[in-house]
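Structure, as structure tokens:
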Amino acid sequence: METKKYSSYAQIDRELEILKIEKEISYQKLVFGVKKTKESFSPQHIVSDLIGSYSSAIPYGAIVSTAVPFILNKAVPFIKNWITKRKRGN
């Protein structure tokens, strides 16, 4: 990498401002990517992707794709609560 030569402090300040903005853009892209990755591992998203891939085989795909995430939203917390409250050793 070649060393840059500046003729004034204004050029240096401008370059630093550009680098600061590029750094912020890269950080926001990373945050957005992590957020989308977390969303892709949610039970609703996994089921909807699974149903979407088999929707041609299921004639009532729209009904199923709407009902399954709703059922999962109710069932997962219930099962999680049941597991945490049951006595150990049973």
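If r is the Cβ-Cβ distance from GLU17 to ASN73 and R0 is 41 Å, what FRET efficiency results, to the nearest 0.05?
Values: r = 46 Å, r/R0 = 1.12.
Taking R0 as 41 Å, the efficiency between GLU17 and ASN73 is 0.35.
Setting aside same-chain residues fewer than 8 positions from LYS36, which lysines have a Cα under 26 Å from its Cα?
Correct list for LYS36: LYS20, LYS23, LYS74, LYS80.
Could you name the lysines in cross-link range of LYS38, using Cα to Cα under 17 Å and dropping any fewer than eight places away on the same chain?
LYS38 reaches LYS29.
Under a cut-off of 16 Å between alpha-carbon atoms, report the aspartates and glutamates in cross-link reach of LYS4, not counting same-chain residues fewer than 8 places apart.
ASP13, GLU15, GLU17
Could you check the spin-label model distance between ARG86 and LEU30? Points 7 Å from the Cα along Cα→Cβ, value in nm.
So the label points at ARG86 and LEU30 sit 4.2 nm apart.
Here, each number is a calculation from the coordinates, and none is a lab measurement. As the structure is a prediction and not an experimental result, all values here were calculated from the model. So basically every Cβ, Gly included, is an ideal-geometry build from the backbone, and we count neighbours across all protein chains shown.
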